[in-house]
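Trainee: Got a structure here, written out as structure tokens. Questions coming.
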Amino acid sequence: MTRGQLWLLGAFGALVALTWINPPWPAEQALHSSLTAVAIIALWLLRKRLDTAQWAWALLFLALHTIAARWIYSFVPYDDWTNAVFGVRLSEVFSWKRNHFDRLVHFAYGVCLTAMLRQKLLRSLEIVLATSAAYELLEWAIAMTLAPQVAEAYNGQQGDMWDAHADMAIATLGALVTSLVSYARRRSPAATTR
């Protein structure tokens, strides 16, 4: 492992530790964090094949997921954060009826996975859409096997029957945006003169 990867992992570990200080929903947070543990193991197993930038993209997504897991996605207090920093509450500005941190994390998944994998446009879209669908199927399986209140706490649908569809679409949009930005950077005059 490089020094940069160790620093990134250390910073991520510190964030994880902070999110576990007096958690409001420890059981649900642990359930969400189980997938994070699987991802960290996968990163460790792939450490020789991934460079520091790829680690950064992976850990950026996992950091957002870890923050969301503390508040079981549905209750991330981003309105309080934006109010403290900017003096505005996003939900009031945009007339939102639900907590949209979940949407940010799904968009970030598409962005980060695409940047990490460094694939062509169509391949990136396929991978992001396929893995997003697999995750939504996992959420469906959880909803079918757990008590309804636990399933809702994990899934965070907030009454939206189209939540799974929106999550997959937003992740795919993130992949598309990243692919197009990457393509534009490769085609730019500055990139071709190097």
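Trainee: Evaluate the distance, in nm, between pseudo-label points positioned 7 Å from the Cα of Tyr183 and of Ile41 along their respective Cα→Cβ axes.
Mentor: For Tyr183 paired with Ile41, the spin-label model returns 3.7 nm.
Trainee: Give the Debye-formula value of log10 I(q)/I(0) at each listed q (0.12, 0.16, 0.24 Å⁻¹), with one equal scatterer per alpha carbon of the range 18-111, two decimals each.
Mentor: -0.46, -0.76, -1.24
Trainee: Give me the angle, in degrees from 0 to 90, between the Cα long axis of helix 3-19 and the longest principal axis of the Cα atoms of the chain, rounded to the nearest 10.
Mentor: For helix 3-19, the angle is close to 10 degrees.
Trainee: Still on this model: Which values, in whole Å and largest first, are the semi-axes of the equivalent ellipsoid of the chain obtained as the square root of 5 times each eigenvalue of the Cα gyration tensor? Don't skip to the answer; put the middle values down first.
Mentor: Working: eigenvalues 158, 85, 71 Å².
Value: 28, 21, 19 Å, ordered largest first.
Trainee: Can you classify the range 35-84 as rounded, prolate or oblate using the Cα gyration tensor, where a ≥ b ≥ c are the square roots of its eigenvalues, rounded means a/c under 1.5, and otherwise it's prolate if a/b beats b/c and oblate if not? Present the calculation step by step, with values, prior to reporting the outcome.
Mentor: Details: a/c = 6.11, a/b = 2.16, b/c = 2.82.
Since a/c reaches 1.5 but b/c is at least a/b, the shape of the range 35-84 is classed as oblate.
Trainee: Let me spell out the model: positive unit charges on the Cβ of Lys and Arg, negative unit charges on the Cβ of Asp and Glu, origin at the Cα centre of the chain. What dipole size does that give, in debye rounded to 20?
Mentor: Result for the chain is approximately 1240 debye, rounded to the nearest 20.
Trainee: Here is a follow-up. Stretch Ser34-Leu104 to full length: gain in nm at 0.36 nm per residue minus the Cα-Cα span?
Mentor: 23.2 nm is the gain from fully extending Ser34 to Leu104.
Trainee: Here's another thing I want to ask about it. Whole number in Å², please: accessible area per residue of the chain, 1.4 Å probe, ligands, DNA and RNA not counted.
Mentor: Heavy-atom SASA per residue in the chain reads 59 Å².
Trainee: Show His65, His165 ordered by accessible area, largest first, where the area counts protein heavy atoms only and the probe is 1.4 Å. Please report the intermediate quantities before stating the final value.
Mentor: Working: His65 15, His165 100 Å².
Result of the area sort, largest leading: His165, His65.
Trainee: With runs of 4+ DSSP H residues as the only contributors, calculate the mean residue ellipticity of the chain at 222 nm using -39,500 (n - 2.57) per run, divided by the residue total and rounded to the nearest 500. Mind dumping the intermediate values first?
Mentor: Working: 10 runs with 148 residues, N = 194.
The helix contribution divided over the chain gives -25000 deg cm²/dmol.
Trainee: Let me know the shape class of the range 84-153, please: from the alpha-carbon gyration tensor, a ≥ b ≥ c as square roots of the eigenvalues, rounded when a/c is under 1.5, otherwise prolate if a/b is greater than b/c, or oblate.
Mentor: Details: a/c = 3.12, a/b = 1.14, b/c = 2.73.
Judged from the Cα gyration tensor, the range 84-153 comes out oblate (a/c at least 1.5, b/c at or above a/b).
Trainee: Using Cα atoms only, what is the angle between the long axis of helix 52-70 and the major principal axis of the chain, expressed in degrees (0 to 90) to the nearest 10?
Mentor: Between helix and principal axis, roughly 10 degrees.
Trainee: Just to verify a number: what accessible area does Val85 come out at with the full protein assembly present, 1.4 Å probe, Å² rounded to tens?
Mentor: Rounded to the nearest 10, that gives 110 Å².
Trainee: What distance in nm separates the two pseudo spin-label positions at Arg123 and Thr82, each 7 Å out from Cα along the beta-carbon direction?
Mentor: Distance between the two pseudo-spin positions: 3.7 nm.
Trainee: With the dipole of the range 5-83 worked out from charges on the C-beta (+1 for Lys and Arg, -1 for Asp and Glu) around the Cα centre, which of Ala14, Ala37, Leu50 lies farthest toward the positive end?
Mentor: The residue sitting most towards the positive pole is Leu50.
Trainee: Could you state the angle between the C-alpha long axis of helix 163-187 and the longest principal axis of the C-alpha atoms of the chain, as a value from 0 to 90 degrees rounded to the nearest 10?
Mentor: The answer is roughly 20 degrees.
Trainee: Give me the distance in nm between label points sitting 7 Å out from Cα along the Cα-to-Cβ direction at Leu173 and Lys97, one decimal.
Mentor: 1.8
Trainee: If you don't mind, another one. Determine the relative contact order of the chain: mean sequence separation of Cα pairs under 8 Å and six or more apart, normalised by residue count, in whole percent.
Mentor: Relative contact order for the chain comes out at 23 percent.
Trainee: Could I ask something else about it? Would you check the accessible area of Arg103, probe 1.4 Å, heavy atoms only, in square angstrom rounded to 10?
Mentor: Approximately 30 Å² of Arg103 is accessible to the 1.4 Å probe.
The values are calculated or read from the model by the stated rules, or taken from the named source; none is laboratory data. Since this is a predicted model, take the numbers as computed values, not measurements. As a convention, Cβ positions derive from the backbone with ideal geometry for all residues, glycine included, and neighbour counts pool all protein chains shown. Heavy atoms of the whole protein, side chains included, go into the accessibility calculation; ligands, DNA and RNA do not. Shrake-Rupley method; radii C 1.70, N 1.55, O 1.52, S 1.80 Å.
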